[in-house]
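Please read the structure below before turning to the comments.
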Amino acid sequence: MHLGEQFRSNVVTVEPDDTIVTAMWKMRDHNVGAAVVAEGKQVKGLVTDRDIAIRLCGGEAAPESSVSRIMSQPPITIREDQGIFNATQLMAQHQIRRLPIVDKNDVLVGIVSFDDMLALCASELSNLSKIVEPTLTAQV
C-alpha cells in the first residue's frame, strides 16, 4: 500500500516567516511534535519541538524569530506512491523521524512519522500472530 493512501491527512503547517512562537502554539494545539514549513502547499522545511527547544535554550534564536531560521532544510520528503520500506530507508539514511508526503507535483498531501510506522508494524505483527497462533497451540 502506498503512503499517500494511509497517511493522507491534515498536516500542521507554518509559513517560513511565521514566528517560532506561532509554530510552537500550533504544534501544542494539535498535539504534534513537528510542523511542515510550507509556502502554499510547497514544502520548504520542517520544524520540530526539538529544533525549538535546542535553538531557544541555546540562544541561537528568539521566540519572535522566524521558523525559517531554525527549520531543517532542504526538506526530506517522500512521494505518495512510495511505501513503508522506502520511508524507513529515508528515515534511517537521514536520521529523521518524520517525512512530509508529496504528490507528483511536490504538493504536500500528508506526513508520516516514525510513531505512525511503528503502530502500523505492530498492528501487522498482531495480524500475523493470529495466523500462526492456531498452529502453535495445536502443536503443544
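Scoring 26-33, 41-48, 84-91 by mean Cβ neighbours within 10 Å over their residues and listing the highest first yields 41-48, 84-91, 26-33. Here the calculated FRET efficiency for residue 128 and residue 106, from their Cβ-Cβ distance with R0 = 30 Å, stands at 0.25, rounded to the nearest 0.05. This model, with +1 at the C-beta of Lys and Arg and -1 at the C-beta of Asp and Glu, gives the stretch 6-96 a dipole about its Cα centre of some 180 debye.
Straight-line reach from residue 104: which lysines have Cα under 23 Å away, leaving out those fewer than 8 places along the same chain? Answer for residue 104, where 23 Å is the Cα cut-off: 41, 44, listed by chain and number. [x] 9.9; [y] 10.5; [z] 9.3: which one is mean projected area of the Cα convex hull in nm² as calculated from this entry? Recomputing mean projected area of the Cα convex hull in nm² here picks out [y].
In plain terms, the chain from residue 121 to residue 69 could stretch by 15.2 nm, reckoned as 0.36 nm per residue minus the Cα-Cα distance.
Since every read-out is calculated from the coordinates, none of them should be taken as a lab result. No experiment lies behind these values; they were computed from the predicted model shown. Note: ideal-geometry Cβ built from the backbone for every residue, glycine included; neighbour counts use all protein chains shown.
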